[in-house]
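> Here's a structure for you.
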Amino acid sequence: MEAAAVMSGFILLLFLGSMVLPGRVLDGPAVNGQVPTYKLNGLLLFVLTMLLAGLAQFTGLFSLSTLQTHFAALFVVTNLFAFLLAGWLYWRGTRTEDSPRGFFGGYFFGVEHSPVWFGVNLKLFSYRPSLIALALFNVSFAVTQYEANGQLTLAMILYQGFTFLYVFNYFQFEYGMIHTWDLVSERFGWMLIWGDYVLVPFFYCISGWWLLQSPSPLPIPAAVALVLLFVFGFWLFRGANQQKHRFRRDPQISIWGKPVQTLQGRLLVSGFWGIGRHLNYTGEICVYFAFVLTTGFTSWVPFLLTAWLVGLLLHRSWRDERRCSAKYGALWEQYKQRARFSMIPFIY
Ligand code: NDP
């Protein structure tokens, strides 16, 4: 009961916040023939939630370590929520359009492309509880370690820094999400809903559990190497996404101090996009390796996260190549000649 109240209160507050907090309003690229409007107040919502959580922690009102101790109960009720939400969206979608793949396909992949409820775009919204819950779980590991030992290990400090920056930057870049595959092309069904509400917060924090057991201390050279890996991955991941986003909004921009080069003004061949076709994926994989390697090599279990992400992004790169090949035809072949490698220059 307690877990259900915490989970539903959390999602409800974020939803109300998304409705009423101020934010830039942007039109996105057409989705299923319609131009959706997005209100970008995720960063404000994230900062306010973290401040409130910090206040609750310091005043003794609520210890964030409770999230870690009630993890299993929260996992169960959030699953229930995700299955029910997918059912409600299926029912809502089939009132206005036919499910393209029958009941199971419609439930799993979704019916509507860009559902809006009380003025809030549910697809963009769902990343907010997802990533804010991930950030709160991560902080709860730090609080638990501090409450037990009176200090944080170097590995925990690095993990907290990396993951906080990752989530913070996601919200800074929330405007860039409107050009991503999930927002533009996918319908909104169980697959995305379960990924947002369950998989990301409950699985992506896996390293935190190993850091709690604080195995052998992280040597300083290893810590420096991890910081370098994180900075490199972040530069690639955000840099590439940012270049594409800026190009889509204004095809006349400069990249790395030079006017952009394009193929017929449609595909970017400057910057990271002239070197590889999916370097943003490679950068994100490096970032996740930095998260997981803070646990050292004491167990293979945290590496399930990197294995999952590598699999997901490899599969996504194949799907995206198919999609782009169908969309751009010969131009995509020309692009492949120009940017010959997909994710790792000279290798793959
Ligand atoms: P991209 O942001 O790479 O978008 C791919 C699209 O970009 C293509 O379909 C094409 O769409 C356009 N495009 C491709 N090449 C070019 C080019 N040279 N010039 C201009 N446009 C081009 O991929 P995603 O939307 O899949 O992912 C976005 C981010 O989200 C990535 O950084 C990824 O790592 C991250 N991600 C993270 C996940 C996680 O669980 N942590 C899961 C999934 C994604 P069009 O031409 O139609 O604009």
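The values are calculated or read from the model by the stated rules, or taken from the named source; none is laboratory data. Being a predicted model, the structure only gives us computed values, none of them experimental. Note that each Cβ is placed from the backbone with ideal geometry, even for glycine, and that neighbours are counted across all protein chains shown. SASA here: full protein model, heavy atoms, side chains in, ligands and nucleic acids out. Shrake-Rupley method; radii C 1.70, N 1.55, O 1.52, S 1.80 Å.
> Would you work out which of Phe164, Cys324, Thr37 lies farthest towards the positive end of the dipole of the chain, given +1 charges on the beta-carbon of Lys and Arg and -1 on that of Asp and Glu, about the Cα centre?
Ranked along the dipole, the leading option is Cys324.
> At most 15 other Cβ atoms within 10 Å and a DSSP loop assignment: could you name the chymotrypsin sites (Phe, Trp or Tyr not before Pro) in the stretch 216-298 that fit?
Taking the stretch 216-298 and a limit of 15 other Cβ atoms within 10 Å, the loop chymotrypsin sites (Phe, Trp or Tyr not before Pro) found are Trp256, Phe297.
> Continuing with the same structure: List, in order, the whole-Hz ³J(HN,Hα) value for each residue of the stretch 16-24 obtained from phi through the Karplus relation with A = 6.51, B = -1.76, C = 1.60 and θ = phi - 60°; use x for Gly and Pro.
4, x, 5, 6, 9, 5, x, x, 5
> How do the peptides 330-340, 50-60 rank, highest first, by the average count of neighbouring beta carbon atoms within 10 Å per residue?
Packing proxy ranking, top to bottom: 330-340, 50-60.
> 222 nm [θ] for the chain, helices only, -39500 (n - 2.57) per DSSP H run of 4+, per residue, to 500?
-21000 deg cm²/dmol
> Now, a different point. Modelling each spin label as a point 7 Å along the Cα-to-Cβ direction, I'd like the Trp88/Phe203 distance in nm, to one decimal.
Going from the Trp88 label point to the Phe203 one covers 2.4 nm.
> From the C-alpha gyration tensor of the stretch 1-213, pull out the three semi-axes of the equivalent ellipsoid (sqrt of 5λ each), sorted largest to smallest, in whole Å.
32, 19, 15
> How large, in percent, is the carbon and sulfur part of the accessible surface of the chain at a probe radius of 1.4 Å?
Carbon with sulfur: 67 percent of the solvent-accessible area.
> Also, I was wondering about something else. Could you calculate the contour length gain from Arg248 to Leu228, that is, 0.36 nm times the residue separation minus the distance between their Cα atoms, to one decimal place in nm?
Gain on stretching Arg248 to Leu228: 4.2 nm.
> Something else now. Could you check the spin-label model distance between Lys258 and His315? Points 7 Å from the Cα along Cα→Cβ, value in nm.
Spacing of the two 7 Å Cα→Cβ label points: 3.8 nm.
> Cα-based Rg of the stretch 166-212 per 2.2 N^0.38 Å, rounded to two decimals?
1.40
> Under 12 Å from the Cβ of Phe46, count the other residues' Cβ atoms, weight Lys and Arg +1, Asp and Glu -1, and hand me the total.
Net charge around Phe46: 0.
> What are the residues whose amide H is under 5 Å from the amide H of Thr262, where those residues sit 5 or more places off or on another chain and H is modelled from the backbone?
Under 5 Å from the amide H of Thr262: Val269.
> Based on alpha-carbon centroids, what's the gap between the stretch 55-127 and the stretch 263-297 in Å, whole number please?
About 29 Å separates the Cα centre of the stretch 55-127 from the one of the stretch 263-297.
> Could I ask something else about it? Using a probe radius of 1.4 Å on heavy atoms only, what accessible surface per residue do you get for the chain? Whole Å² is fine.
Spelled out: the 1.4 Å probe surface of the chain, per residue, equals 48 Å².
> Now for a different question. Once phi is turned into θ = phi - 60°, what whole-Hz ³J(HN,Hα) does the Karplus curve with 6.51, -1.76 and 1.60 give for every residue of the stretch 94-103, x standing for Gly and Pro?
6, 6, 10, 9, 6, 5, x, 10, x, 5
> Would you be so kind as to identify which of Leu268, Asn241, Val224 lies farthest towards the positive end of the dipole of the stretch 216-348, taking Lys and Arg as +1 and Asp and Glu as -1 on Cβ and the Cα centre as origin?
Positive-end residue among those listed: Leu268.
> Rounded to the nearest 20 Debye, what is the dipole magnitude of the chain about its Cα centre when Lys and Arg each give +1 and Asp and Glu each give -1 at the C-beta?
1140 debye
> While we're looking at this one, here's another question. What list of ³J(HN,Hα) values in whole Hz, one per residue of the stretch 138-144 in order, does the Karplus curve 6.51 cos²θ - 1.76 cosθ + 1.60 (θ = phi - 60°) give from phi, with Gly and Pro shown as x?
Per-residue couplings from phi come out as 4, 5, 5, 5, 5, 4, 4 Hz.
> How far is it, in nm, from the label point at Asn79 to the one at Arg101 when both lie 7 Å from their Cα along the line to the Cβ?
Those two pseudo-labels are separated by 2.2 nm.
> With 5 Å bins from zero, work out the P(r) of the stretch 216-348 over every alpha carbon pair and list the percent per bin.
2, 10, 16, 19, 18, 13, 9, 6, 4, 2, 0
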